[in-house]
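To keep things clear, I will list the structure first and then write my remarks on it.
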Amino acid sequence: MTTPYVRAQRALGILKEAVYETIVDGSEKGLTNAEIGRMLGIYMGHKGHEGHISRTILSLLEEDGMVRQDKVTKRWIVRKNQMGDR
C-alpha cells in the first residue's frame with residue numbers, strides 16, 4: 001500500500017511528463033500556458049484564475065531546466081541545453 005504522499009508525487013511526475021511531451025510535440029514556435037493546459041484538459045482553476053495547474057507544472061519544469069519561456073512571445077519551449085541556456 002502506497003502512502004498519499006507517494007501517490008501525489010507519482011501523479012506530479014506523470015503531469016510533468018505530459019506537459020513536457022506536449023511541448024516537445026508542439027509547434028517549433030512553442031506553446032502558451034493556455035494552449036498546453038487546454039490540450040491536456042488541465043486549464044482550470046477558480047473563477048478568474050484559470051491556468052494555474054498547467055502554469056505550476058511549467059514552473060516546475062523550468063526549475064528542473066527542462067523548458068523555458070520566451071520573454072517576448074510568452075511561449076514555452078524545450079531548453080536546447082538541458083543544463084540551461086546560459
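The values are calculated or read from the model by the stated rules, or taken from the named source; none is laboratory data. Since the model is a prediction, treat every value here as computed from it, not as a measurement. Note that each Cβ is placed from the backbone with ideal geometry, even for glycine, and that neighbours are counted across all protein chains shown. What goes into the accessible areas is simple: the full protein's heavy atoms, side chains included, and nothing from ligands, DNA or RNA. Shrake-Rupley method; radii C 1.70, N 1.55, O 1.52, S 1.80 Å.
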| Candidates K47, K16, filtered to the one that is in contact (Cβ under 8 Å) with a residue 24 or more places away in the chain and of a type in the set (D, E, K, R) | K16
| Any chance the stretch 66-79 includes a residue that's aliphatic (A, V, I, L, M), in a helix (DSSP H, G or I) and within 11 Å of the chain's Cα centre (by Cα)? | no
| note | Those residues of the stretch 1-60 which are more than 15 Å from I77 (Cβ to Cβ), basic (K, R) and either open to solvent by 70 Å² or more (accessible area, probe 1.4 Å) or part of a loop (DSSP other than H, G, I, E, B) (or both) amount to R7, R10, R38, K47, R55
| said: Out of D85, D70, I need the residue that is of a type outside the set (G, A, S) and modelled with pLDDT under 95. Which one? | reply: D85
